[in-house]
Amino acid sequence: MPSLADQLALARNRPAGFDYMRIVLAATIIGLHSLNVTLGLGQALQVQSTLRIGVAMILALFFALSGFLVTASLLRCKSLISFLGLRLLRIGPALAVETTLSAIIIGSLFTELPLAQYFADPKFHAYFLNIIGDIQYELPGVFLNNPLPNLVNCQLWTVPYELWCYVILALLAVTAIAFNRVAYLAFMVIAQIGLIGYDIYCWDVVPIQLRPHLLVFAFLAGVGFYLWRDKVPYNRTVCLFALVLCAAGMATGRGDALAPVPAAYVACYFGLMNPRRSWIVSSGDYSYGLYLYGFVIQQCAAAFGPLQHWYLNLLVSLPLSFGVAMASWHLVEKHALRLRGRVEALEAAALSRLSIMGFWRGSPERSELRANLGNSSASI
């Protein structure tokens, strides 16, 4: 039976499945938000509660595939300087641009306050905290009369948890757990038992999405599947079984703690498919731009009365979001990633100084793991 590593090798470590998954998941989130921004939160939640399994799966798959791909970056990097630096380059510049454009341009166009009062309001200044992951949802006087009032970019709520994923993985690297897959498996088993107990003890109201700590666990499950990819089978029957486990766990919410690991396998299975690349994935990675701009564009559309029907909002917002995402990639994101060489040069200088001082000899655990599992070139 082929393994995940075999499937990854067939695609020369660049399977198109992950690229298509990111685009599809990002577009699906925009579709779900078309209900929120046109019906209002209460009515939208009533509709989405009937689709709870699918809704909860979306972000679980997003976090899991991120964990799988980011682990390849961790194993390629010489130290946490380049690992965290590359994470910052991938997330920070585009987020800073989106925050600035929302505050200055969108806010100016849609605020009901005089511009002088708008720019002087503390909420305007606080909105820029989004750039460092301290998420602010409101701008003064903006979208006051929308079906979902006041919220400018609700989708950014996941940013702090994505950052926590990187911090936790960095801590696991510092302790060498991330470079010893047996130790990592033990860590995951202990964490899984703890999460089951925590959810049983603290269970009250079932949210539509998985709770944030379970999204982080889905990320860590993706990390585990990458570390064990030469032992985990790549099999359709296993994927179907994992989907059944996810559905059973997410159906009522009481089994949510059991869902991240099978969801991570589903993400790996579909991500490691390698269909022919179309221009939509070969010309750039537009999923992050869809994530950043989708909701705010939908709120702008919902500010116009005729577009306060979910299907009209989606029909207008999705192509606009994709166009802005393309601009974000070609004007901001790919140029930020070209700074990778400077990050690596900074790392080399720092490690050279540490080596001279006797504080750096590299990580034998990482070297052994890379030798055993291969040096993947998966996207950062």
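The values are calculated or read from the model by the stated rules, or taken from the named source; none is laboratory data. Bear in mind that the values here come from a model prediction, so they are computed numbers and not experimental data. As a convention, Cβ positions derive from the backbone with ideal geometry for all residues, glycine included, and neighbour counts pool all protein chains shown.
Based on this model, can you work out whether LEU331 counts as part of a helix (DSSP H, G or I), within 28 Å of the chain's Cα centre (by Cα), at pLDDT below 90 and closer than 26 Å to ARG90 by Cα? No, not satisfied. Regarding ALA64, is this residue closer than 30 Å to ASN313 by Cα, touching a Cys at 6+ places or on another chain (Cβ under 9 Å), surrounded by 19 or more Cβ atoms within 10 Å (Cβ to Cβ) and at pLDDT 95 or above? Answer is yes for this residue. Looking at the range 134-148, can you tell me whether even one residue there is surrounded by 18 or more Cβ atoms within 10 Å (Cβ to Cβ), part of a helix (DSSP H, G or I), of a type in the set (A, V, I, L, M, F, W, C) and in contact (Cβ under 8 Å) with a residue 40 or more places away in the chain? The answer is no, given that none of the residues of the range 134-148 is surrounded by 18 or more Cβ atoms within 10 Å (Cβ to Cβ), part of a helix (DSSP H, G or I), of a type in the set (A, V, I, L, M, F, W, C) and in contact (Cβ under 8 Å) with a residue 40 or more places away in the chain.
Taken as a whole, the condition of being modelled with pLDDT under 90, surrounded by fewer than 17 Cβ atoms within 10 Å (Cβ to Cβ) and of a type in the set (A, V, I, L, M) does not apply to LEU101.
When the range 286-316 is limited to residues that are surrounded by 15 or more Cβ atoms within 10 Å (Cβ to Cβ), touching a Ser or Thr at 6+ places or on another chain (Cβ under 7 Å) and of a type outside the set (A, V, I, L, M), the one that is nearest to ASP19 (Cα to Cα) turns out to be GLY289. Within the range 117-150, if we keep just the residues that are of a type in the set (S, T, N, Q) and more than 22 Å from LEU163 (Cβ to Cβ), the residue that is nearest to the chain's Cα centre (by Cα) turns out to be ASN150. Just so you know, in the range 149-175 the residues that are without any contact (Cβ under 8 Å) to a residue 24 or more places away in the chain and not in a helix (DSSP H, G or I) include one that is nearest to LEU69 (Cα to Cα), and it is THR175. Each residue in the range 104-127 was checked for being surrounded by fewer than 16 Cβ atoms within 10 Å (Cβ to Cβ) and touching a helix residue (DSSP H, G or I) at 6+ places or on another chain (Cβ under 7 Å), and 2 of them qualify. Residues in the range 235-282 that are among the hydroxyl-bearing types (Ser, Thr, Tyr), surrounded by fewer than 17 Cβ atoms within 10 Å (Cβ to Cβ) and in contact (Cβ under 8 Å) with a residue 24 or more places away in the chain: THR252 only. Screening ALA251, ALA264 for residues that are out of contact with any Leu (no Cβ under 7 Å at 6 or more places or on another chain), within 20 Å of TYR20 (Cα to Cα) and small (Gly, Ala, Ser) leaves exactly one candidate, ALA264. Check the range 176-197 and report whether any residue there is in contact with a Leu (Cβ under 9 Å, 6 or more places away or on another chain), in a loop (DSSP other than H, G, I, E, B), under 27 Å from VAL266 (Cβ atoms) and in contact (Cβ under 8 Å) with a residue 12 or more places away in the chain. The answer is yes; a qualifying residue exists.
Within the range 269-328, the set of residues being touching a His at 6+ places or on another chain (Cβ under 7 Å), more than 23 Å from PHE143 (Cβ to Cβ) and polar (S, T, N, Q) is empty.
Looking at this structure, is TYR311 at pLDDT below 95, farther than 26 Å from VAL159 by Cβ and assigned to a helix (DSSP H, G or I)? In short, yes.
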